[in-house]
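Please read the structure below before turning to the comments.
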Amino acid sequence: MNDDSSARRLADTLRSVVRTAPAGSRLPSSRALAAEHGVGPVTVATALRLLAAEGLVETRPGEGTFARRASTTPGGDTAWQLTAMGPATVQATALGALLRPPRPGSVPLSSGYLAPEHQPHHLVSQALARAARRPASLGRVDPTGLPELRAWFATEAGARPDDVLVCAGTQAALATILSSLCRPGDAVVMESPTYLGALAAAQAAGLRVVPVHRGPDGAPDPQDLDRALQASGARVLYAQPHGANPTGTSWPARTHRELLAVARRHGCFVVEDDWAHDFVLAGSPRPLAADDPDGTVLHLRSLTKSTVPALRVAAVVGRGPVVARLAAGRTAADLYVSGVLQHAALDVVTGPGWRRHVRSARTLLIERRDLLAAAVTRHLGADALTHVPDQGLHLWVRLPDDADDLALAAAAATAGVDVTAGSPWWVSEPAGPHLRVSYSAADPAEAAQGVEVLAGLVRDRPRTP
Ligand SMILES: Cc1ncc(COP(=O)(O)O)c(C=O)c1O
């Protein structure tokens, strides 16, 4: 058991004691608590800090720890807020579910991250410790980002540091782009299905999301895109040309120029969400931004996936006056990204362990992808998997036409398998039921058992007579 869980258990035990103790009464000393509960002094200190945060105890230096009454304002009638707020604009339930950590003991086939033991925890914690010791990282930061970090992102994208804007993850970058370049009621075009986070960001900005179909080669048909942009008047296309989440597909390189030309003709920015940049499993994809002298592309590069979820650092790389427009929007929204995080991110990606980490993650993901794909084909049939991704973390698994993906994912959760239902990812009507089955976090043997459970649920699905 780790220190955090022991401290939480001790806090649970002490909480009931403290709640019934008279306010002002003194708790036993830390040493006595450690001896009584068979834990170390760090665990006691952490547990007491948890209770102090809840307002249940107060620690007075040199005197000890005392019970106190948490003073909370009694709850009133908040129902008036429903009228005041009006209709909800953001449907973030499915996105929220994605962010929940895997349930202990379940097979994690829904994770969008590497398993914790494969995340570069040591690189990040050392970098954070170094960053916390640098006075510069505790102060204010240039709103466009730490110059050295912008230079790193620029080099990676073949751009100039002035073209880079650092954001607190892709989600913040998307919010900035959509609110800076569109007005409520405008259209934004997205491939369907697409990333739930992008859908939520568009809803939050009050935009109409207009779907464009992905063709069999993984890219929208240029004529389809032309029609969607013409009919909607959208000035932003959000796209995932490399290892799309959830489909795992990529745009063939030969389609890039034509699709960019269509967008350019309509005066439409293309947001290239390169979220899986560090998870290339075959080939060497060329970013759209590499063939974009006129600044049509806004390239998004996130570090949250390949480092740790807590390092919420990403960049928008653009070209031309749009960068200043976005910088103004970002600054208005949240001023700047914490210097501690930016210094730590720079330290991680420029340190000697980074390339090694990216290489070993790739080797691990290739093995896991292949084993999971084989398990899906074996248990669910060859038609269930029409595409094996060259990039990213997920398989997009087709279910029989009469299956209910939401019900199936719920039944899988009850059976101890966490998997993601496909329906919420579609921009409009789903073209058939799917599950997103992720290979990043589950051990391959466990993942194969999980797929067997899914296959059993598909086989035994309720059928209408
Ligand atoms: C398509 C896509 N874009 C971006 C991200 C990463 O977002 P962020 O940088 O906000 O963590 C994800 C994470 O799941 C994703 O799937």
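The values are calculated or read from the model by the stated rules, or taken from the named source; none is laboratory data. Here the structure is a predicted model, which means the values were calculated and not measured. We place every Cβ from the backbone using ideal geometry, glycine too, and count neighbours over all the protein chains shown.
The table below gives the values:
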quantity: Of all residues making up segment 119-142, the number that are crowded, with 16+ Cβ neighbours inside 10 Å and at pLDDT 95 or above; calculated: 8
quantity: Evaluation of Thr83 against (1) more than 30 Å from Thr414 (Cβ to Cβ); (2) modelled with pLDDT under 90; (3) not hydrophobic (A, V, I, L, M, F, W, C) (one fails), failing number; calculated: (2)
quantity: Members of segment 294-336 that are at negative phi, in a loop (DSSP other than H, G, I, E, B), more than 13 Å from the ligand (Cβ to nearest atom) and modelled with pLDDT of 95 or more; calculated: Thr296, Gly318, Arg319, Pro321, Tyr336
quantity: Helices (runs of 4 or more DSSP H) contained in segment 159-251 and holding at least 1 residues touching a helix residue (DSSP H, G or I) at 6+ places or on another chain (Cβ under 9 Å) and within 24 Å of Ala314 (Cα to Cα); calculated: 169-181, 196-204
quantity: Qualifying residues in segment 103-119 (those that are out of contact with any Ser or Thr (no Cβ under 6 Å at 6 or more places or on another chain) and assigned to a loop (DSSP other than H, G, I, E, B)) - the one farthest from the ligand (Cβ to nearest atom); calculated: Gly105
quantity: Test for Ala261: is it among the hydrophobic types (A, V, I, L, M, F, W, C) and over 23 Å from the mean Cα position of the chain (by Cα); calculated: yes
quantity: Subset of segment 375-387 that is in a helix (DSSP H, G or I) and not small (Gly, Ala, Ser) - its residue that is farthest from Pro116 (Cα to Cα); calculated: Asp383
quantity: Condition check for Ala384: crowded, with 20+ Cβ neighbours inside 10 Å, over 22 Å from the mean Cα position of the chain (by Cα), touching a residue at least 60 places away in the same chain (Cβ under 8 Å) and not assigned by TED's automatic domain parsing to the domain that holds Phe153; calculated: no
quantity: Positions within segment 166-193 being away from the ligand (no atom under 14 Å from the Cβ) and touching a residue at least 60 places away in the same chain (Cβ under 8 Å), in sequence order; calculated: Ser179, Ser180, Leu181, Val189
quantity: Qualifying position, being touching a strand residue (DSSP E or B) at 6+ places or on another chain (Cβ under 8 Å), surrounded by 14 or more Cβ atoms within 10 Å (Cβ to Cβ), part of a helix (DSSP H, G or I) and not β-branched (Val, Ile, Thr), among Leu454, Leu435; calculated: Leu454
quantity: Candidate set from segment 237-266 (those that are of a type in the set (S, T, N, Q) and within 16 Å of the ligand (Cβ to nearest atom)); member that is nearest to Pro430 (Cα to Cα); calculated: Thr247
quantity: Which listed residue, of Leu372, Leu341, is in contact with a strand residue (DSSP E or B) (Cβ under 8 Å, 6 or more places away or on another chain), closer than 23 Å to Gly112 by Cβ, in a helix (DSSP H, G or I) and aliphatic (A, V, I, L, M); calculated: Leu372
quantity: Filter result for Gly145 (crowded, with 18+ Cβ neighbours inside 10 Å, within 14 Å of the ligand (Cβ to nearest atom), touching a residue at least 60 places away in the same chain (Cβ under 8 Å) and over 26 Å from Arg257 (Cα atoms)); calculated: no
quantity: Condition met for Ala88 (under 18 Å from Lys305 (Cα atoms) and not assigned by TED's automatic domain parsing to the domain that holds Asp443); calculated: no
quantity: Selected residue [in contact with a strand residue (DSSP E or B) (Cβ under 6 Å, 6 or more places away or on another chain) and crowded, with 17+ Cβ neighbours inside 10 Å] from Thr65, Thr43; calculated: Thr65
quantity: Subset of segment 279-338 (residues that are out of contact with any Phe, Trp or Tyr (no Cβ under 9 Å at 6 or more places or on another chain), farther than 11 Å from Val166 by Cα and among the small types (Gly, Ala, Ser)); calculated: Ala282, Gly283, Ser284, Ala289, Ala290, Ala310, Gly320, Ala324, Ala328, Gly329, Ala332, Ala333
quantity: Failed item in (1) within 16 Å of the ligand (Cβ to nearest atom); (2) touching a Gly at 6+ places or on another chain (Cβ under 9 Å), with Ala205 passing the rest; calculated: (2)
